[in-house]
Every structure is written in structure tokens, then in C-alpha cells.
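Here the structure is laid out as C-alpha cells; the discussion comes afterwards.
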Amino acid sequence: MFTSVLMIEKALTSADIEFVTTLHGDEAVAFHVLLQPRGDQADRLLRAIDDVALGELDEAAHERDTPEGEEAAGQGQRALEVSLVALRASGSEAEGRLIEDHPLDALKGLVDEIGADEVIVLTDPHYVEEFFHRDWASRARHKVGVPVLKLFSHSKA
């Protein structure tokens, strides 16, 4: 069985599920999902700049409303559960956990622990971080020792 670590920041959409579960054709895949809620990642300014770059001016104006801390963790746990149920419903094995601090350390630890074959980073675009190669996928490529695939989420969850 092929083992993928899937890093996400929000609940997977049905399009995301179809995308990641068909990447390897008919080969069975076990997913180990790591979710760090958006409000626990970059600061508000970077999130707002990303929103502006995507033409989502209303989203940028409401970044201050993005849950952070305990509230983000609660929403993140629900998003993780929804994603795991959807992956399992598609016929894949799936387990997961929330990450609050140091996502790349958590990623490296999990990759080593389970002997993952690959890492898939599935997020909305983060243009500022990507430009400076500070996004999860860019940094993970130098840390985890397995192939890292960067994908963009298909739609808003």
C-alpha cells in the first residue's frame, strides 16, 4: 500500500478528495492527514495579501475575523474529521491529527514514524510565502526526504 502524508489547512472538498485519491490510479493509498488551521499559520497581514492577490478583496477585509487559538483548533478538529470521513468514504485508509506549532517538525516526525512514500501539500495559494519559498511545500522538500507534491485546493470549503 502506498502511504501519503497529506498536509491541509481546511476541510477537503469533494473535488479535493477525488483529486488526491486518484493520483495513483488503482493503487491503494493510506492517508495520514495533518491539519493546521489557517488562523494558526501566518499572520493576518500575509493572509490579507494573499486574499488581495487572488482578487478576494472582501476576504482580505475580513481576515481579522479568522478564528485563532482555541477557536481555530475547534474548527480545525471539525475540518479534520470531515476530511477523514470523506477520504474513508472514497475507499482510502485515513487517519489524522491537528498540528498547532511547528508544522514542518510534525511533518518530518510523521514521515519518519510511518515510513511515508510521499507528502502532498494541499492548500489555497499563499503567494507571499511561495515567492520567498517559505511555504510548506518549499520548506518540506529540504526536510522530509521523500517527494513533496504541492497542490492547490479546488474550491472554498
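The values are calculated or read from the model by the stated rules, or taken from the named source; none is laboratory data. Worth saying up front: this structure is predicted, and the values here are computed from it rather than measured. As a convention, Cβ positions derive from the backbone with ideal geometry for all residues, glycine included, and neighbour counts pool all protein chains shown. With ligands, DNA and RNA removed, areas are computed over all heavy atoms of the protein, side chains included. Shrake-Rupley method; radii C 1.70, N 1.55, O 1.52, S 1.80 Å.
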### Message
I'd like to verify a number: residues in the stretch 84-97 that are in contact with a strand residue (DSSP E or B) (Cβ under 6 Å, 6 or more places away or on another chain) and either modelled with pLDDT under 95 or assigned to a helix (DSSP H, G or I) (or both), how many?
### Response
3
### Message
I need the full set of residues from the stretch 100-142 which are modelled with pLDDT under 90 and in a loop (DSSP other than H, G, I, E, B), in order please.
### Response
GLU100, ASP101, HIS102, ASP124, PRO125, HIS126, PHE132, HIS133, ARG134, ASP135, HIS142
### Query
What pairs come up if the first residue lies in the stretch 72-93 and is closer than 24 Å to GLU27 by Cα and open to solvent by 90 Å² or more (accessible area, probe 1.4 Å), the second is among the small types (Gly, Ala, Ser) and at pLDDT 90 or above, and their beta carbons are under 8 Å apart, counting only those six or more places apart or on different chains?
ARG88/ALA94; GLU93/ALA28; GLU93/ALA30
